[in-house]
Amino acid sequence: PLQFNFFLQNIMLPRARLYTSDNEFCGFLMNRVPIEDCLSLGNFIRTKYREYTRPTDYAVKIVALERLTEIVEKLNRLNVVVGDLNYGNVFICRCSKRNIRAVIVDVDSFQFNWKGKTFVLDGIHPDIIAPELLEGKVPTVRTDSFVLGILLFRVLMKGFSPFQYIPEQEGDDIIEERIKNGRNVFNTGKPPSGLPSLELLGKLTPAIERV
């Protein structure tokens with residue numbers, strides 16, 4: 001029951017079928033996201049969370065990432081692959097002046113198993129696609145680890161992707177090719193203008209370098 005309540009609060013799962021007055025199916029009933037107290041992940045990356053006054057809001061960003069990672073970890077334990085954690089599918093919400101939570105609002109692309117059949121992940125944003133998907137392989141929980149590594153980097157590094165860099169040679173400008181070949185700002189080219197120092201990542205660097 002506790003885990004079920006956790007998912008209801010943090011994942012906008014369908015709770016019941018919705019019908020018209022003529023008894024025609026028209027959709028699903030889900031919990032409401034308090035949008036007035038939330039920011040999409042994309043806006044959260046670009047906007048300071050104004051209720052907080054901590055320097056550069058890094059503490060708030062880390063808490064938001066912890067909340068999101070906790071949701072994905074619990075889903076992975078159930079052998080569910082989230083995959084498409086794009087910037088419009090995740091919201092960061094304020095529960096109180098000192099508490100925030102992450103919410104996943106789009107679940108129709110989740111990969112899961114049911115009665116021995118795998119319903120494979122359906123769609124993922126090209127900016128966060130894992131290399132195994134580019135090779136046509138079936139996603140695993142490692143796919144989510146890869147995506148979370150990219151999101152962690154983007155949230156803490158002013159929206160930059162670890163695959164954004166100034167190339168040292170021509171033709172190295174396709175993001176999917178950079179991902180597929182493991183070329184990133186840690187090992188290739190020069191950092192783009194405006195990217196904060198990679199030293200800010202501290203102990204998180206080894207985890208992100210694995211992307």
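The values are calculated or read from the model by the stated rules, or taken from the named source; none is laboratory data. Bear in mind the structure is a predicted one, so any value in this text is a computation, not a measurement. Neighbour counts are summed over all protein chains in view; Cβ atoms, including those assigned to glycine, are modelled from backbone coordinates with ideal geometry. All accessible areas refer to the heavy atoms of the entire protein, side chains included, with ligands and DNA or RNA removed. Shrake-Rupley method; radii C 1.70, N 1.55, O 1.52, S 1.80 Å.
Read through the list (1) open to solvent by less than 40 Å² (accessible area, probe 1.4 Å); (2) of a type in the set (A, V, I, L, M); (3) over 14 Å from Asn86 (Cα atoms), then give the number of the only condition that Leu200 fails.
(1)
Of the residues that sit in segment 28-66 and are over 16 Å from the mean Cα position of the chain (by Cα), among the basic types (Lys, Arg) and farther than 11 Å from Arg94 by Cβ, which one is modelled with the highest pLDDT?
If we take residues in segment 28-66 being over 16 Å from the mean Cα position of the chain (by Cα), among the basic types (Lys, Arg) and farther than 11 Å from Arg94 by Cβ, then Arg32 is modelled with the highest pLDDT.
Grab the helices (runs of 4 or more DSSP H) fully contained in segment 87-202, keeping just those with 1 or more residues being β-branched (Val, Ile, Thr).
Values: elements: 131-134, 141-156, 175-180.
Counting at least 1 such residues, we get 141-156, 175-180.
Condition test on Arg67, is it open to solvent by 50 Å² or more (accessible area, probe 1.4 Å), in a helix (DSSP H, G or I) and touching a residue at least 24 places away in the same chain (Cβ under 8 Å)?
yes
Could you check segment 158-193 and list, in sequence order, the residues that are out of contact with any Phe, Trp or Tyr (no Cβ under 7 Å at 6 or more places or on another chain), more than 18 Å from Pro126 (Cα to Cα) and surrounded by 16 or more Cβ atoms within 10 Å (Cβ to Cβ)?
Result: Phe186, single match.
Could you list, in sequence order, all residues of segment 97-132 that are within 23 Å of Tyr165 (Cα to Cα) and surrounded by fewer than 19 Cβ atoms within 10 Å (Cβ to Cβ)?
Of the residues in segment 97-132, the ones within 23 Å of Tyr165 (Cα to Cα) are 124-132.
Matches in segment 97-132: His125, Pro126, Asp127, Pro131, Glu132.
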